[in-house]
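Notes follow once the structure below has been shown.
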Amino acid sequence: MDPSIAEAVERQTRAMRELSRRAFPEPEDAADDAPAPIEQARAGRRRQADASHAAAVRRARAERAAREAGTVAAVTPQRTPLLTSRREG
């Protein structure tokens, strides 16, 4: 192999690695105990789902108790509105 070609290939490889490093920088090291952003989002969605589930269970229990007693269920309104998958606007 021609030495000048080998040098050119090596220069080109270094240049491509540098461009790649600039285009896709390594994320800064997060603290070991800090959750990654995706984990924070998942935890938030889990909390929202748990709150929705708990509200549904409370309502279902109140409605069943009312049916068994022969009365109308007195369901208290949500303190915070539940999230929906549909956007309004």
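What follows is calculated from the coordinates using simple rules that are stated; it is not laboratory data. What you see is a predicted model; the values in this text were computed from it and never measured. Please note: Cβ atoms are built from the backbone with ideal geometry, for glycine as well, and neighbour counts cover all protein chains shown.
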*If Lys and Arg each add +1 and Asp and Glu each add -1, what is the summed charge of the other residues whose beta carbon sits under 14 Å from the beta carbon of residue 57?*
+2
*Once the convex hull of the C-alpha atoms of the stretch 34-74 is built, how many Å³ does it hold per residue, rounded to a whole number?*
50
_Simple label model, 7 Å out from Cα along Cβ direction - residue 58 to residue 26, nm_ = 4.9
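Roughly speaking, what is the stretch gain from residue 13 to residue 42, that is 0.36 nm per residue apart minus the C-alpha to C-alpha distance, in nm to one decimal? Display every interim value, and only then the final one.
Numbers: separation 29, 0.36 × 29 = 10.44 nm, distance 3.92 nm.
Gain on stretching residue 13 to residue 42: 6.5 nm.
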*Per-residue HN-Hα couplings for the stretch 3-19, Karplus 6.51 cos²θ - 1.76 cosθ + 1.60 at θ = phi - 60°, whole Hz, x for Gly and Pro?*
x, 5, 5, 4, 5, 5, 5, 5, 4, 5, 5, 4, 5, 5, 5, 5, 4
